[in-house]
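Chemist: The structure is given below, and queries will be raised subsequently.
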Amino acid sequence: EAGVTQFPSHSVIEKGQTVTLRCDPISGHDNLYWYRRVMGKEIKFLLHFVKESKQDESGMPNNRFLAERTGGTYSTLKVQPAELEDSGVYFCASSLTTVMYFGPGTRLTVT
Amino acid sequence: SQKIEQNSEALNIQEGKTATLTCNYTNYSPAYLQWYRQDPGRGPVFLLLIRENEKEKRKERLKVTFDTTLKQSLFHITASQPADSATYLCALDMKGSGGSYIPTFGRGTSLIVHP
């Protein structure tokens, strides 16, 4: 069974540009989460989808971040316009119940 | 506010010894607590889950305890091996604003097992 995949693995963009991260969860997992780890800090929750609905987006930093989950399958996280403080590793995870399966992360560097 | 604390300093131990990692939390009563392992450049990998009504859980060389009075979980790796070297994260379910329980992570503790 394929695990959670994320694309790209690494992205370097300039401040003010737009970046879209993609996550493909494990097939059949209704729950999809986005987390972010900024260097030296803990992994912080951003957003939770149940199927295609946003269940909780209390962790989204501001309105420059937009997450979608088309048809309850894959999800995208768009950052527009990117700022320096958006740099970090963005993790996606999916779950059936409580145990989460993480993807390898996308390392975003904003210069 | 709710807080999860894990030892920020790396734990260095000799191969074959038991590693014990600590997760403390405040201002919260989680229904369950999870432990994950994270290797450099990879996402966290689930290891064990323990519920509030369970005192201890084991899986092969791993053991987790959960003391809801002390608000503490201990994670033990017996007969440690260099391959156990990684960062270990604890996660508690915390109620998000949307009403669902969101796994919330501590910073993790780095374990280094020396041959």
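Every number here is computed from the coordinates shown, using simple stated rules; none is lab data. Note that the coordinates shown come from a computational prediction; the quantities given were computed from them, not determined experimentally.
Chemist: Radius of gyration and Dmax for chain A's Cα atoms, expressed in Å?
Modeler: 13.0, 38
Chemist: Also, quick follow-up: Of B:S73, B:S100, B:S85, which is the most mobile in a GNM of chain B whose springs link Cα atoms less than 10 angstrom apart?
Modeler: Of B:S73, B:S100, B:S85, the Gaussian network model singles out B:S100 as fluctuating most.
Chemist: With contacts defined as alpha carbon pairs under 8 Å and 6 or more residues apart, what's the relative contact order of chain B in percent?
Modeler: 35 percent
Chemist: Identify all lysines with a Cα-Cα distance to B:K63 below 21 Å; exclude those on the same chain that are fewer than 8 residues away in sequence.
Modeler: B:K17, B:K55, B:K71
Chemist: Could I ask something else about it? Counting only pairs 8 or more residues apart or on different chains, how many lysine pairs in chain A have their Cα atoms under 23 Å apart?
Modeler: Taking the Cα cut-off of 23 Å, the pair count is 8.
Chemist: Send over the Kirkwood Rh of the protein assembly as shown, from the inverse of the averaged 1/r over different Cα pairs, rounded to one decimal Å.
Modeler: After inverting the mean inverse Cα-Cα distance, the result is 18.2 Å.
Chemist: Amide H to amide H under 5 Å from A:D56: which residues, 5+ apart in sequence or cross-chain, H placed 1.01 Å off N in plane?
Modeler: Result for A:D56 returns A:H48.
Chemist: Here's another thing I want to ask about it. When the scattering of the range B:19-97 is computed by the Debye formula from its Cα atoms alone, each counted once and equally, what is log10 I(q)/I(0) at q = 0.13, 0.14, 0.18, 0.21 Å⁻¹?
Modeler: The computed values of log10 I(q)/I(0) come out as -0.39, -0.45, -0.73, -0.96.
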